[in-house]
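Shown next, in structure tokens, is the structure this report addresses.
Just so you know, all these numbers are worked out from the coordinates, no wet-lab data involved. Not measured: the values here are computed from a predicted model. Note that we place each Cβ from the backbone using ideal geometry, even for glycine, and neighbour counts take in every protein chain shown.
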Amino acid sequence: MLTLLGIPGALRAASTNRLLLAEARRAFGEARHTEADLRLPLYDGDLETAEGIPPGVQTLADQIAAADAVVIATPEYNKAPPGVLKNALDWVSRTKGAPFRDKPVAIISAADGRGGGDRSQFALRLMLTPFRPRLLPGPEVMVAESSKAFTPDGRLIDPRYQNALAELMQALRTEASRPA
Ligand SMILES: Cc1cc2nc3c(=O)[nH]c(=O)nc-3n(C[C@H](O)[C@H](O)[C@H](O)COP(=O)(O)O)c2cc1C
């Protein structure tokens with residue numbers, strides 16, 4: 001069975017990106033599902049020197065390494081991914097084994113603006129470049145006006161988003177089933 005790791009870029013419990021990630025998991029289909037926790041210390045070279053890689057960071061790196069595919073749901077904060085996501089990537093880059101290398105990765109976003117996090121996705125694409133993942137080019141899933149985009153039980157209302165997400169997740173599944 002495939003393992004899919006979901007990385008939510010927002011910490012709040014009611015995050016629309018968490019809802020989107022849950023939809024992505026359903027669209028991916030049968031899999032072992034794991035979820036990352038980005039409540040990590042801020043990257044600090046002195047902390048790294050004194051104590052090494054924090055346990056939460058090593059857990060995240062191990063989750064990435066163990067996953068057959070990764071989906072990252074990013075909000076947009078001031079036209080870019082949130083600091084928690086950048087912080088997590090900076091920490092992961094300090095771990096051994098390059099866990100993102102050749103890993104199939106899909107990016108999705110939900111944001112309350114009209115662009116649905118388009119600039120945040122673009123920036124995240126660049127941020128992932130040094131990790132050399134197998135980053136899916138699309139279809140792009142950018143859920144605009146995200147506070148109104150889900151039913152009370154967390155389902156995407158607009159079938160266009162559902163269809164794009166289904167296509168992206170099936171492409172991720174295909175990529176995950178293919179050797180690097
Ligand atoms: C600091 C901050 C900056 C934001 N900047 C943007 C932005 O640039 N574009 C946008 O569409 N929404 C922006 N928003 C609104 C977010 O899209 C909205 O809070 C969204 O719900 C965040 O994702 P979440 O539901 O997963 O927490 C911003 C929100 C915060 C807290």
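One table, with the values for the structure above:
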item: For region 1-72 and region 87-121, distance of Cα centres in Å; result: 10
item: Karplus-derived 3J(HN,Hα), 6.51/-1.76/1.60, for each residue of region 25-30, Hz, glycine and proline x; result: 4, 5, 5, 5, x, 4
item: Projected label distance in nm at Asp62 and Arg160, using a 7 Å step from Cα toward the beta-carbon; result: 4.4
item: More than 19 Å apart - percent of Cα-Cα pairs taken over region 3-176; result: 53
item: Estimated FRET transfer efficiency when R0 is 25 angstrom, pair Thr151-Met1 (beta carbons, to 0.05); result: 0.30
item: q = 0.13 Å⁻¹: log10 I(q)/I(0) that the Debye formula gives for region 53-139, counting C-alpha atoms only; result: -0.41
item: Among Glu23, Glu140, Glu51: highest mean-square fluctuation, GNM of the chain, C-alpha pairs under 10 Å; result: Glu51
item: Charge dipole (debye, nearest 20) of region 3-176; +1 at Cβ of Lys and Arg, -1 at Cβ of Asp and Glu; result: 260
item: Gain upon complete extension [Lys79, Asp112; 0.36 nm per residue less C-alpha separation]; result: 10.7 nm
